[in-house]
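Quick note: the coordinates plus some simple rules give every number you see, no bench work behind them. Given the structure is predicted, the values throughout are model-derived calculations rather than measurements. Ideal geometry is used to build each Cβ from the backbone, glycine not excepted, and the neighbour counts take in all protein chains shown.
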Amino acid sequence: MSEHVSSPKFYFLIFAALMVLTAATVWVATLDLGAANDIVAMAVAVTKATLVVLFFMHVRYSTRLTALTVLASLFWLGLLLLVTLSDYWTRGIVGIPGK
Amino acid sequence: MASVPADRQSHHAAHPPAHQAAHHPALQHHFDNLEQQKESATFGMWLFLVTEVLFFGGLFLAYLVYRTQYSAAFVAGSHHLDVKLGVINTGVLIGSSLTMAMGVWAAQVNRRKATVVFLLLTILLGGVFLGIKGVEYSHKFHDNLVPGPHFTTDQSVFPGVNLRHVEIFYSLYFIMTGLHATHMVVGIGILAVLAVFAWRGKYSSAYYNPVECTGLYWHFVDIVWIFLFPLLYLLGAHAR
């Protein structure tokens, strides 16, 4: 079997990176950056999640079918958020006659 | 990968029954080999995780809708959460993901005792997380911040914002962290069963699908927290 086995050292490295990113996001949150606070916090969270998915969850070494399944989850989550928020976040921008 | 029936027949014909008897005991009869079985198990687990992404996705969506609607109340509500405990729990949970990954590694390299130890460590860290969560919840009960008839009417705690809107923040806080904690309780239960099976030597480099799939589940729960932590705890941090 062509099984990829990551070394414990590598796992500890990913763990260290996740901890550093956690410290960074907590520190940035104490600064008042306005709307940029949320953008930085989400960028760090997405980075952390990507590290977990690729290396702890072995997607980096998995079959294309698995990678496609992961992307499919993001696609459907994107649809859910995009379609709903494109309604809620644009209310009041466009004047609706009779409302 | 899947082979056509003709291939399978020739495959069987080419190998004497002795080969059949040598099949790994964990290999289910409807799979050609352990590799195909592992691919199927991983694929199935990921399909389940897709439904989980959308399950939690609905709550994240609700959070985003109300957060933009009642922005000031959400900052005030978030401000009242204990960032220190949130940070500690984030570290604990990421640590449990490390021990989980190490548990899978130990199974991959045939280290039976190490597999058991790492699974037990993961259970322990999961337990620490839930304990800290329990401390936080009890603080919220004590401060009358649990949504419902007893939700605080003391405007001095949240000056200048509508308390009903703060209550919505706490509703989402309890539902999202509660659903997350429920997943952890389930995960700990599965890990306990795995630890027993691992101790009995059920897993090896040839067969460790249950450890791998439980790992996928555990890491997914970790990812949910990776997003919950900044959205709930850090939102009001710079207002301190």
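Please list 3J(HN,Hα) in residue order for segment B:83-92, calculated via the Karplus relation 6.51 cos²θ - 1.76 cosθ + 1.60 where θ = phi - 60°; whole Hz, with x for glycine and proline.
The phi angles translate into 4, 4, 5, x, 5, 4, 5, 4, x, 4 Hz.
Counting only C-alpha contacts under 8 Å and six or more residues apart, can you give the relative contact order of chain B as a whole percent? Intermediate values should be presented prior to the final figure.
Working: 223 pairs, mean separation 78.6, N = 240.
It comes to 33 percent, rounded to a whole number.
When the convex hull of the Cα atoms of chain B is projected onto a plane and the area is averaged over all directions, what value comes out in nm²?
The number I arrive at for chain B is 15.9 nm².
Excluding residues fewer than 8 places away in the same chain, name every one of the aspartates and glutamates whose C-alpha is closer than 16 Å to that of B:LYS140.
Output for B:LYS140: B:ASP82, B:ASP154, B:GLU167.
When a footprinting reagent is the concern and you count Cβ atoms within 10 Å, what order do A:ASP87, B:ASP32 take, fewest first? Present the calculation step by step, with values, prior to reporting the outcome.
Numbers: A:ASP87 10, B:ASP32 14.
Fewest-to-most Cβ neighbours within 10 Å comes out as A:ASP87, B:ASP32.
Of the candidates B:GLY57, B:GLY95, B:GLY86, which one comes out as most mobile in a Gaussian network treatment of chain B with C-alpha springs shorter than 10 Å?
Maximum fluctuation in the GNM of chain B, among the listed residues, is at B:GLY57.
What is the mean number of Cβ atoms from other protein chains located within 10 Å of the Cβ atom of each residue in peptide A:25-36, rounded to a whole number?
Other-chain Cβ atoms within 10 Å of each residue's Cβ, averaged: 4.
Based on the Cα coordinates of the protein assembly as shown, what is the per residue volume of their convex hull in Å³? Intermediate results must be reported in sequence, preceding the final value.
Details: hull volume 55.9 nm³, N = 339.
Taking the convex hull of the Cα positions in the protein assembly as shown, it is 165 Å³ per residue.
Compute the helix-to-body angle for B:34-69: its Cα long axis versus the longest principal axis of chain B, expressed 0 to 90° and rounded to tens.
Between helix and principal axis, roughly 10 degrees.
So what's the angle, to the nearest 10 degrees on a 0 to 90 scale, between helix B:209-228 and the longest Cα principal axis of chain B?
20
May I ask you to list the lysines whose Cα is less than 22 Å away from that of B:LYS38, ignoring any residue fewer than eight positions away on the same chain?
B:LYS202
Could you give the radius of gyration (one decimal) and Dmax (whole number) of the Cα atoms in segment A:1-60, in Å?
Cα radius of gyration and Dmax of segment A:1-60 are 14.5, 52 Å respectively.
Only Cα pairs under 8 Å and at least 6 apart count here; give the relative contact order of segment A:1-60 as a rounded whole percent.
Numbers: 20 pairs, mean separation 21.2, N = 60.
Relative contact order of segment A:1-60: 35 percent.
Suppose R0 equals 22 Å. What FRET efficiency, 1/(1 + (r/R0)^6) with r the Cβ-Cβ distance, do B:LYS113 and A:LYS9 give to the nearest 0.05? Numbers along the way, then the final one.
Numbers: r = 20 Å, r/R0 = 0.92.
My answer for the efficiency is 0.65.
Could you work out the helix-only [θ] at 222 nm for the protein assembly as shown, with each DSSP H run of four or more residues adding -39,500 (n - 2.57) and the total divided by the number of residues, to the nearest 500 deg cm²/dmol? Kindly include the intermediate steps, with their values, before the conclusion.
Working: 11 runs with 237 residues, N = 339.
Taking each H run of at least 4 residues, the total per residue is -24500 deg cm²/dmol.
Hey, how many Å between the Cα centroid of segment B:168-240 and the Cα centroid of segment B:72-109?
Segment B:168-240 and segment B:72-109 have Cα centres spaced 9 Å from each other.
Which FRET efficiency, nearest 0.05, do B:PHE48 and B:ASP143 yield, Cβ-Cβ r, R0 45 Å?
Numbers: r = 37 Å, r/R0 = 0.82.
Using R0 = 45 Å, I get an efficiency of 0.75.
Counting other beta carbons within 10 Å of each residue's own, what order do A:ILE39, A:ILE93, B:ILE94 fall into, fewest first?
Lowest to highest Cβ neighbour count: A:ILE93, A:ILE39, B:ILE94.
Hey, with R₀ at 51 Å, roughly what FRET efficiency would A:LEU68 and B:SER156 work out to, going by the Cβ-Cβ distance, to 0.05? Walk me through the intermediate numbers first.
Values: r = 54 Å, r/R0 = 1.05.
Between A:LEU68 and B:SER156 the formula returns 0.45.
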